[in-house]
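A.B. asks: First the structure, then my questions, so here it is.
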Amino acid sequence: MKHVNIVVAGKVQGVFFRASACEVAKRLRITGIVRNEPDGTVYIEAEGDETQLEKFIAWCTKGPPRAHVARVETSEAGLKNFTSFEITR
């Protein structure tokens, strides 16, 4: 198990990025949270198997169809043992 913090920048708010990320995470059996930030980015904390996290991060570089991802930053952090993947505010 691994924990990554992900910041996605670009046209990522108002394009169903959070809802789509939630669907993809659940399909990949990733737990964590996703939220919009005041600066226009989307912030994600994700936990799961390293291979599944790599797939999730790869999806984040594209996002849903209406998104235009300019940049994705990732950093590792300590496990928080999330039990689900949720959209937060």
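A.B. asks: Here are some residues: I33, I44, I87. Which one is within 14 Å of A19 (Cα to Cα), exposed (fewer than 14 other Cβ atoms within 10 Å of the Cβ), β-branched (V, I, T) and in contact with a strand residue (DSSP E or B) (Cβ under 9 Å, 6 or more places away or on another chain)?
C.D. replies: I87
A.B. asks: Check C22 against each of (1) in a helix (DSSP H, G or I); (2) without any contact (Cβ under 8 Å) to a residue 24 or more places away in the chain and name the one condition it does not meet.
C.D. replies: (2)
A.B. asks: Exactly one of these conditions fails for L79: (1) within 11 Å of the chain's Cα centre (by Cα); (2) part of a loop (DSSP other than H, G, I, E, B). Give me its number.
C.D. replies: Failed condition: (1).
Every number here is computed from the coordinates shown, using simple stated rules; none is lab data. Please read these numbers as outputs of a predicted model, since none were measured by experiment. Note that we place each Cβ from the backbone using ideal geometry, even for glycine, and neighbour counts take in every protein chain shown.
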